[in-house]
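The next block holds one structure in the form of structure tokens; read it before the comments.
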Amino acid sequence: MPLLVTAAASVDPKMQKVTEAGEMPYQSHELKIASYDVDAAAAECAAYSALCLLDVVILPRVIGHKSVFLAWIGAVALVQALLKLVVQWGAYRVKRALNRMALQQLEEQSRPRPSKVLQQYGMAVAPLRQYHAAHVLLYLEYVAMLPEQDAKGYHPMLESGKAPKNVYLLLAAESGDFEKVVELLAAGADPLVKNQQGKNALQLADRIAIRTRRVLAAAIREAAAQQQLLIADMPPGHSGQPLM
């Protein structure tokens, strides 16, 4: 899939507008249509699977034998529906991935330049990428594609003053975006931060996203251990709440 996305990005004229106008290659309504196409193809597969099941299981019990005609029709139609589902799903994934690449370009543009003073002394340390609320909102609308009810919760978190990279981590985890989760953790996002329902990134991550859950679990253990060390080093009588 990464090679396919890279190839698509090189020939897709929409990608050329990203750095010029700051636009996403595919708008949210285009992604929704692609998602609906995937759902329709999946429903078609289910219907033809039921037809095959009818011929294999039900007809022999009712009339005593299978229908060769139904068997051929069902098998051919099911194969076609499966191919259609693969194509639709691949197109949907590529469109989301192209939007993700476009957003990464915009985020890279916002990265501060290395200090000229440090460069003079041979210490050209690349600063960490900075994330803004606008980046989170772009990801929410053009990449994450969460259900509307789930997506609504991210606006109040940004408005409440939570660090955008921490909100971004929660969003990437809920979206199952392993690469983004790793990127945000490397940029200093707090894996212990929770949403308005009291859930952290690990609890929001899908159970089938094994890699994402593993890296988040490791990050949470490390952050919790560091927090305990901070509390242990605090003077007696302190509230015990380290500054976040």
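Elements of the type helices (runs of 4 or more DSSP H) sitting completely within the range 127-208 and holding at least 1 residues that are acidic (Asp, Glu): these cover 148-151, 154-159, 164-175, 178-186. When the residues of the range 219-229 are filtered to those that are of a type outside the set (Lys, Arg) and surrounded by fewer than 13 Cβ atoms within 10 Å (Cβ to Cβ), the one that is modelled with the highest pLDDT is Glu222. Here Arg93 clears all of (1) in a helix (DSSP H, G or I); (2) at pLDDT below 85; (3) among the basic types (Lys, Arg) except the condition numbered (2). Pairing each residue of the range 148-159 that is outside the structural domain of Leu31 (by TED's automatic domain parsing) with any residue that is exposed (fewer than 11 other Cβ atoms within 10 Å of the Cβ), provided the two are 6+ apart or on different chains, yields C-beta distances under 9 Å for Gly153/Gln197. Looking only at residues in the range 167-182 that are touching a residue at least 24 places away in the same chain (Cβ under 8 Å) and surrounded by fewer than 21 Cβ atoms within 10 Å (Cβ to Cβ), the one that is farthest from the chain's Cα centre (by Cα) is Val182.
Condition check: modelled with pLDDT under 90, within 14 Å of the chain's Cα centre (by Cα) and under 16 Å from Leu170 (Cα atoms). Does Ala209 satisfy that? Criteria met by Ala209.
Every residue, every condition in (1) assigned to a helix (DSSP H, G or I); (2) among the aromatic types (Phe, Trp, Tyr); (3) modelled with pLDDT under 60, yes or no:
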position	(1), (2), (3)
Leu4	yes, no, yes
Ala8	yes, no, yes
Thr19	yes, no, yes
Tyr26	no, yes, no
Tyr36	yes, yes, no
Ala41	yes, no, no
Ala50	yes, no, no
Gly64	no, no, no
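The values are calculated or read from the model by the stated rules, or taken from the named source; none is laboratory data. What you see is a predicted model; the values in this text were computed from it and never measured. No Cβ is skipped: glycine too gets one built from the backbone with ideal geometry, and neighbour counts run over all protein chains shown.
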